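The values are calculated or read from the model by the stated rules, or taken from the named source; none is laboratory data. Since this is a predicted model, take the numbers as computed values, not measurements. Cβ placement follows ideal geometry from the backbone for every residue including glycine, while neighbour counts extend to all protein chains displayed. SASA here: full protein model, heavy atoms, side chains in, ligands and nucleic acids out. Shrake-Rupley method; radii C 1.70, N 1.55, O 1.52, S 1.80 Å.
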Number of protein chains: 2
Amino acid sequence: MGDTSLFPVIESAQDVIPLDLRLGLTRPLDGNQILRWGICGAGRVCNDWVQSLKVVPGARITSVAARDPNRASKFAKLHGIPHVSNDYAELMHRSDVDIIYIGTVQSEHLAHALLALESGKHVLVEKPAGCNRDELKTMIETAKQHNRFFLEGVWTRFFPIVEYIRQILESNAIGSIVAMQSDFGFNSFEQEEYPSSPMYDKSLGGGALLYVGVYPISMIPFAFGNEKPCQVLATGYFDQKLQVDMNGAISAMYKDGRIATVMYGLTGETAEETTVVGSKGRIVIHTPAHCPLRMTVFRKKDGRGNVEPQTYEFPLPAIPQSVNETGGFVYPNSFGFQFEAAAVQRCIFAGLTECPQYTTDDSLLVAEIMESVRDQVTARQEEEHCNPHYLSEVPL
Amino acid sequence: MGDTSLFPVIESAQDVIPLDLRLGLTRPLDGNQILRWGICGAGRVCNDWVQSLKVVPGARITSVAARDPNRASKFAKLHGIPHVSNDYAELMHRSDVDIIYIGTVQSEHLAHALLALESGKHVLVEKPAGCNRDELKTMIETAKQHNRFFLEGVWTRFFPIVEYIRQILESNAIGSIVAMQSDFGFNSFEQEEYPSSPMYDKSLGGGALLYVGVYPISMIPFAFGNEKPCQVLATGYFDQKLQVDMNGAISAMYKDGRIATVMYGLTGETAEETTVVGSKGRIVIHTPAHCPLRMTVFRKKDGRGNVEPQTYEFPLPAIPQSVNETGGFVYPNSFGFQFEAAAVQRCIFAGLTECPQYTTDDSLLVAEIMESVRDQVTARQEEEHCNPHYLSEVPL
């Protein structure tokens, strides 16, 4: 007892069965099932998305639109995309497009998603989908009205390591979940010019919460399911000049003392790990936890002592020459977009309007937590700045 | 630039110079300088303390007292301690005792420390020294009145790995400190009978905050010095039957957005790591972070990219046969008490009344943060239990 037999031992990413298939909601992709993608935006994340789509069976990229038509043309030429749309509305109305990938700047997501949904397209919006909960809610309601597929692109949930962890948690191998921790911070000042980068521009959806906070926050419902936390406490730091948040820390309490802590920020490089703690062990998703290829399972023996920790590494598939020749990827592990894209295609072919890996309820809960965080951080920064009112001022 | 030359590279624990010596406050121990220890208590932690003292130059254990005289006699016989005191007061008044080590149950610390200090003895009290800030304050004030040495036994600060990290932080090799994270949780139910163990007994100083919270909380001023945080936010879970806290999570914000998060508890085994994040890299103190033997330094290169992470392991010295023959140690890495004990002796021989590794100001700041945590956790549990009042209740 108490050993690996407790959960399925999987040797490689190819052997992990994604949740939608495991649940019998979908079937493996059939190369004859063609899904035609329109790409909204031509920036760095769109590049990485298109590069990944090239290996997904049945994926066809038929059109791209960007604010700058020259940029869109260059993008189309580089990636062999047949059409360049003159503007976003033209893209959304094309008859050779089934689904729109929205990779524009944060503040434009809502307008583009509504345009696409109202034109009858399925939609995948980069995370966070909305600048706030109300924007997300509007998108989701619109998708429901038009009976279209909608996904907020929290790609972490589709990585084979994360799909595998779901199975380990289901097996009860680490007992009941009592805590989780997740962090994601980096020193933005080295890569993004301050204060001119969009990363610090409030009007474009800048700031730490929207840029990086969404990743560790979205791991809270991964550990605890779609239950609402009882309490969310948050503190964070605002850049006084730009009025964007630079970092934050969150404690979320669930019934019976289950607890989550999250830290995120643009000021320094944190460990970028996610740890899920159970009564009988824990699982650590190693850095970079937002697009992970490695995790370790620590478990207790029955009685005292520990089982030898087990580390699993599921490297990304080799990058095809054609993808390398067209410039490869901008961001770390972006080739992992393929897992998300394949799941989206399976779900759409099965007639689903969501992915079970990250449902619209997951999106809404995360947006709601973020809303609470924003309210609290804003309220605190409006108080006298860094007044030690929580600590006694009586000289000791 | 940007490489190991930035900080002193030390190969083994023996080459680490403790802070008190580095600052020139003390000198290496001289075997002729004898410090006579009286041991207050005869439980598990006292066993481990006495076993460690056996290798500290100049340390003599002259007497022991415990509530149960038979237990004290057995303890004295096992460890070759010449005298058994009839009661605590007798111990405190012995002329062959210079310093009292207090390893009794939490709720007795105050009475024993005052008795010792008022009898003119130096005092080392196991952590946390007080059940609350006022108890600690009383001890420290009494020590000052009597001009005696006082230390709260936060032994983590004396481990060679931690002494070395101080030097790395001073060297600015990871830049300015922007964040820290620390956690310590284990599943107490497997080792400590519920609800009868003192660990769950409020009247004896039970509960997660006092038992384990003190460790990660004491790492906050390690990262940020003796500055007060601007804000401390805490949530935690109370056992409704026993009225002790079972876990907690803390966010502490410092001026300019420096931020600390801490998680602790008795419900599941967390990673038990401490991470100090700087603008140019981070240091991870690996498990068990409260008595650590291993750490990794992650640093950025000048410009982009990272320096190869460097892991340092400073194992404990070999345990002498005599220590093994008398039963060895109860708790992990307890032989590391020797670093703390040696520093105490050096400081006392130098005429100091504190150790620079963990001053009374450090103790007071940690106690103050804990007081704020207790107040908040208590206030929240008196509110309706787990009412999701921080989240919108409007159906989405």
query: Which order do A:148, A:282, A:71 take by accessible area at a 1.4 Å probe, largest first?
result: A:71, A:148, A:282
field: For segment B:282-320 and segment A:280-300, distance of Cα centres in Å
entry: 19 Å
field: For peptides A:192-203, A:176-187, sequence by mean Cβ density within 10 Å, most packed first
entry: A:176-187, A:192-203
- prompt: 222 nm [θ] for chain A, helices only, -39500 (n - 2.57) per DSSP H run of 4+, per residue, to 500?
  reply: -9000 deg cm²/dmol
field: Mean Cα-pair separation over length for chain B, i.e. relative contact order, pairs under 8 Å, 6 or more apart, %
entry: 20 percent
message: Rolling a 1.4 Å sphere over the protein heavy atoms, what is the accessible area per residue of chain A, to the nearest Å²?
response: 38 Å²
- line: quick note, chain B, DSSP beta bridge pairs, % antiparallel (nearest 5) is 60 percent
statement: Phi angles of segment B:199-213, converted by Karplus (6.51 cos²θ - 1.76 cosθ + 1.60, θ = phi - 60°) into ³J(HN,Hα) in whole Hz with x for Gly and Pro, give 4, 10, 9, 4, 5, 9, x, x, x, 5, 4, 6, 6, 10, x
message: Let's test the formula: R0 of 30 Å, r as the Cβ-Cβ distance of residue B:22 and residue A:191. What FRET efficiency results, to the nearest 0.05?
response: 0.25
query: If amide H atoms are built 1.01 Å from N in the plane of the peptide, which residues on other chains or at least 5 residues away come under 5 Å of the amide H of residue A:231?
result: A:253
- prompt: Can you tell which of B:170, B:90, B:325 shows the greatest fluctuation in a Gaussian network model of chain B with Cα springs below 10 Å?
  reply: B:325
task: Taking each pair of different alpha-carbon atoms in segment B:120-239 once, compute 1/r for the pair, average those values, and report the inverse of that mean as the Kirkwood hydrodynamic radius in Å to one decimal.
output: 17.0 Å
- prompt: What is the log10 of I(q)/I(0) for chain B, computed with the Debye formula using one identical point scatterer on each Cα and no solvent, at q = 0.07, 0.09, 0.11 Å⁻¹?
  reply: -0.33, -0.55, -0.82
Kyte-Doolittle mean at least -0.5 and Cα axial length at least 30 Å: DSSP H helices in chain A: A:360-382
statement: Mean per-residue count of partner chain Cβ within 10 Å for A:366-375 equals 2
query: In nm, to one decimal, how far is the residue B:132 label point from the residue B:321 one, both placed 7 Å along Cα→Cβ?
result: 5.3 nm
- request: Name the most mobile residue of B:379, B:289, B:65, meaning the one with the largest mean-square fluctuation, in a Gaussian network model of chain B with Cα contacts below 10 Å.
  value: B:379
Fluctuation leader among A:305, A:120, A:175 - chain A, Gaussian network, Cα springs under 10 angstrom: A:305
Percentage of interatomic Cα-Cα distances in segment A:1-153 larger than 19 Å: 57 percent
message: Restricting to bridges with both residues inside the protein assembly as shown, how much of the DSSP beta-bridge set is antiparallel, in percent to the nearest 5?
response: 60 percent
Average beta carbon contacts from partner chains per residue of B:230-243, 10 Å cutoff: 5
- request: Consider just the alpha-carbon atoms of the protein assembly as shown and return their Rg together with their Dmax, both in angstrom.
  value: 28.9, 97
query: Which of the lysines could a cross-linker bridge to residue A:74, judged by Cα under 21 Å and excluding same-chain residues fewer than eight apart?
result: A:54
statement: Here segment B:59-67 yields Karplus 3J(HN,Hα) values (6.51, -1.76, 1.60; θ = phi - 60°; whole Hz; Gly and Pro given as x) of 7, 10, 9, 9, 7, 9, 9, 8, 4
query: Which FRET efficiency value, to the nearest 0.05, is calculated for residue A:166 and residue A:141 with the Förster distance at 25 angstrom and r the Cβ-Cβ distance?
result: 0.35
message: Quick one: 3J(HN,Hα) in Hz for segment B:8-19, Karplus 6.51/-1.76/1.60 with θ = phi - 60°, rounded, Gly and Pro as x.
response: x, 8, 10, 8, 8, 4, 5, 8, 7, 9, x, 4
message: So for segment A:224-340, averaging the separation of alpha carbon pairs under 8 Å that are six or more residues apart and normalising by length, what relative contact order in percent results?
response: 13 percent
